[in-house]
1. For ASP145, ASP124, what's the fewest-to-most ordering of other Cβ within 10 Å of each Cβ?
2. Could you calculate the contour length gain from THR115 to ILE28, that is, 0.36 nm times the residue separation minus the distance between their Cα atoms, to one decimal place in nm?
3. Please report the antiparallel percentage of the DSSP beta bridges confined to the chain, to the nearest 5.
4. At 7 Å along the Cα-to-beta-carbon direction for both ALA105 and ARG18, put a label point, then send me their distance in nm to one decimal.
5. Magnitude of the Cβ-charge dipole of the chain, K/R +1 and D/E -1, about the Cα centre, nearest 20 debye?
6. If the cut-off is 16 Å between C-alpha atoms, which aspartates and glutamates fall inside it for LYS106, apart from same-chain ones fewer than 8 positions away?
7. With no solvent and one equal point scatterer placed on each C-alpha of the chain, evaluate the Debye formula and give log10 I(q)/I(0) for q = 0.12, 0.21 Å⁻¹, two decimals.
8. Hey, in the GNM for the chain with a 10 angstrom Cα cutoff, which one of GLY102, GLY14, GLY37 fluctuates hardest?
Amino acid sequence: MSVILTRMPAGVPGEVTRTNGAILEPGIVGAADIAHGAPVKLAGDKFVALESGDTAADLYGFLARSYPTQGGVGTLTPGVVPAGSVCDVLRSGYILVPLAVGTAAKGDAVYVRTTVDTGKALSDIEAGTATGNVAINAQFMGAADADGNVEISYNI
């Protein structure tokens, strides 16, 4: 059993942290797998990952971790939702996302990477830098935990 010395983990990416008032929309993942907690856009009637050059207006929501789930998508690891699977997307509310770059602080703006860069992936969540990113309608709700997961409020 692990010993928690300073702070409990926040949870896993894609977890809706405050269910009261959360707005989730069901749908289907497009042609490629998408990780829990990833920002997504609509392509036709399917949820797909953001692409290079997308803007904040393209963002539709964040892929939520459904509960209860079975198999690979139900584990306590930051899994993925397979292509063609039914999923939920958070349209408004609080969700845990993996922080890729920067130091999050309560009230700070949330940025999503939309330009390819060395060591940085498209759709990465970043704090404190607008270079290669777009600011979205979201705020950090505090610092990231030891695993790099951070709660954001999106589109509230």
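1. Details: ASP145 17, ASP124 23.
With the fewest neighbours first, ASP145, ASP124 line up as ASP145, ASP124.
2. Working: separation 87, 0.36 × 87 = 31.32 nm, distance 2.55 nm.
Full extension from THR115 to ILE28 adds 28.8 nm.
3. Values: 36 of 40 bridges.
Antiparallel bridges make up about 90 percent of those DSSP assigns within the chain.
4. 2.1 nm
5. Numbers: 9 positive and 15 negative charges, 49 e Å.
The dipole of the chain has a size of about 240 debye.
6. Output for LYS106: GLU126, ASP145, GLU151.
7. -0.46, -1.45
8. Of the options given, GLY102 has the highest mean-square fluctuation.
Each value in this text was obtained by applying a stated rule to the coordinates, not by laboratory testing. Because the structure is predicted, anything quoted here is derived from the model rather than measured. Methodologically, a virtual Cβ is constructed for each residue, glycine included, from the backbone with ideal geometry; neighbour enumeration extends over all protein chains shown.
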